[in-house]
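No lab work stands behind these numbers, since they all come straight from the coordinates. Bear in mind the structure is a predicted one, so any value in this text is a computation, not a measurement. Neighbour counts are summed over all protein chains in view; Cβ atoms, including those assigned to glycine, are modelled from backbone coordinates with ideal geometry.
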């Protein structure tokens, strides 16, 4: 028997990434529907600033040319969630800004109030030969820290 996994004709990695993004969308949709965050919940959302569909002010793109993390907690407004992404108003150095972020650009979602986090690749993010050569390995899901609710699903690491 071989130690290598057979090539899959089913795009499991894409399916799992879509499911992870759906969690982010559903959580943000609940916040939008309920008009705010319940209890002590708050979110850190990390996304690729140069990804397709991201629309943020130029001063933020210049300051964060690759990736940025926003905080959805006390001072946000006009949260709108669609099937493809979300938009939100935030203040940066006392300058009001509107951000539009497709879920495909999101690379991390954390709710520190309950020690919950999701991490995943932005769609089309890693085209390196190393990632492509290992991409047929079975995904590995494991806790980031013992006892936490943080799970990372890695499709590029060999067993």
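Once you put a point 7 Å from the Cα of residue 23 and another 7 Å from the Cα of residue 67, both along the Cβ direction, what distance in nm separates them?
It works out to 1.7 nm between the two label points.
Checking the a/c ratio against 1.5 first, then a/b against b/c, what shape does the Cα gyration tensor give for the stretch 23-68?
In terms of gyration-tensor shape, prolate.
If R0 is 35 Å, what FRET efficiency do you get for residue 114 and residue 58 from their C-beta distance, rounded to 0.05?
For residue 114 and residue 58, the calculated efficiency is 0.50.
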